[in-house]
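Okay, structure first, notes after.
The values are calculated or read from the model by the stated rules, or taken from the named source; none is laboratory data. Note that the structure is predicted; figures quoted are calculated from it, not measured. Note: ideal-geometry Cβ built from the backbone for every residue, glycine included; neighbour counts use all protein chains shown. Keep in mind that these areas ignore ligands, DNA and RNA; they rest on the heavy atoms of the full protein, side chains included. Shrake-Rupley method; radii C 1.70, N 1.55, O 1.52, S 1.80 Å.
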Amino acid sequence: GGAVRFEDVHFSYDPDREILKGISFEVPAGRTVAIVGPSGAGKSTISRLLFRFYDVSSGRISIDGQDIRDVTQESLRAAIGMVPQDTVLFNDTLAYNIRYGRHGASDAEVIEAAHLAQIDGFIQHTPKGFDTEVGERGLKLSGGEKQRVAIARTILKAPPILLLDEATSALDSHTEREIQDALDRVSRGRTTLVIAHRLSTVIGADEIIVLAAGRIAERGTHGELMKKR
Ligand code: ADP
Ligand code: ADP
């Protein structure tokens, strides 16, 4: 299960400015759709609507045919795993932060998830935040490492739907490739909506939707889109 459908979705944060101007697309169960487009196009707004941080102004978003407004917040959160662009971690061990994805997970499962996300070795340490007390096991984590903690958490949670906000632009190319590998691993076989900044990172998506100023400007596979350029 887990097919996601947007039907003629309009959305405004403020009444005088429409941000999404009639967006329709479907992510069939188990497939991957990527949303790309310039900054300000409305990409993150799409992910916020799917998570119901906001409700659509008009139109409909459904999962397996059911309007997400008819689903409890609890089951919506259980169905969707989000790897956000900027992960905020609890001031506790990375193992605790990973286990947050599924509280009943065993130590072995936590270690396996950490391994798949390539953060083995320091999961008993705590993240060093900006203004948190840092003990002797405090660890200054880079953006990429924090994102890998979020990936490990999502691997453990194993939700049917994944919402990936790629923030790889600020990372060096080696780290970017590692994160990409980890994301590819976690999205295999799941319904995945990727918010991407560049076409080159979503070559394998079943469909790429190019968003411009709140409208779908182009759509197709990577090969189809490249042919038009
Ligand atoms: P993208 O992810 O493509 O960069 P966003 O979805 O974040 O774009 O933003 C689309 C537009 O909505 C931008 O013009 C942005 O300024 C505006 N916007 C985003 N969040 C809010 C908000 N909370 N209130 C008002 N406007 C917002
Ligand atoms: P639980 O069901 O264990 O009480 P939550 O429903 O708060 O936990 O969150 C479960 C999962 O959903 C966690 O893995 C968390 O990362 C993710 N999640 C919940 N809310 C958000 C959010 N606002 N942004 C990103 N991820 C979230």
Residue that is nearest to ligand 2 (Cβ to nearest atom) [pool: residues in region 52-69 that are farther than 11 Å from PHE6 by Cα and in contact with a helix residue (DSSP H, G or I) (Cβ under 7 Å, 6 or more places away or on another chain)]: ARG52
Yes or no: region 70-82 includes at least one residue that is away from ligand 2 (no atom under 16 Å from the Cβ), open to solvent by 40 Å² or more (accessible area, probe 1.4 Å) and at negative phi. yes
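One line per residue, one yes/no per condition, for (1) at pLDDT below 95; (2) among the charged types (D, E, K, R); (3) within 16 Å of ligand 1 (Cβ to nearest atom):
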site: SER58; (1), (2), (3): no, no, no
site: GLU74; (1), (2), (3): yes, yes, no
site: LEU89; (1), (2), (3): yes, no, no
site: ARG102; (1), (2), (3): yes, yes, no
site: GLN118; (1), (2), (3): yes, no, no
site: GLN124; (1), (2), (3): yes, no, no
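Could you say whether any residue in region 84-105 is assigned to a strand (DSSP E or B) and under 19 Å from LEU162 (Cα atoms)?
Taking region 84-105 as the starting set, the residues that turn out to be assigned to a strand (DSSP E or B) are none.
No, every residue in region 84-105 fails to be assigned to a strand (DSSP E or B) and under 19 Å from LEU162 (Cα atoms).
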Here, strands (runs of 3 or more DSSP E) confined to region 151-229 with at least 3 residues that are open to solvent by 10 Å² or more (accessible area, probe 1.4 Å) are 207-212, 215-220
From PHE53, PHE25, which residue is within 16 Å of ligand 1 (Cβ to nearest atom), at pLDDT 90 or above and open to solvent by 30 Å² or more (accessible area, probe 1.4 Å)? PHE53
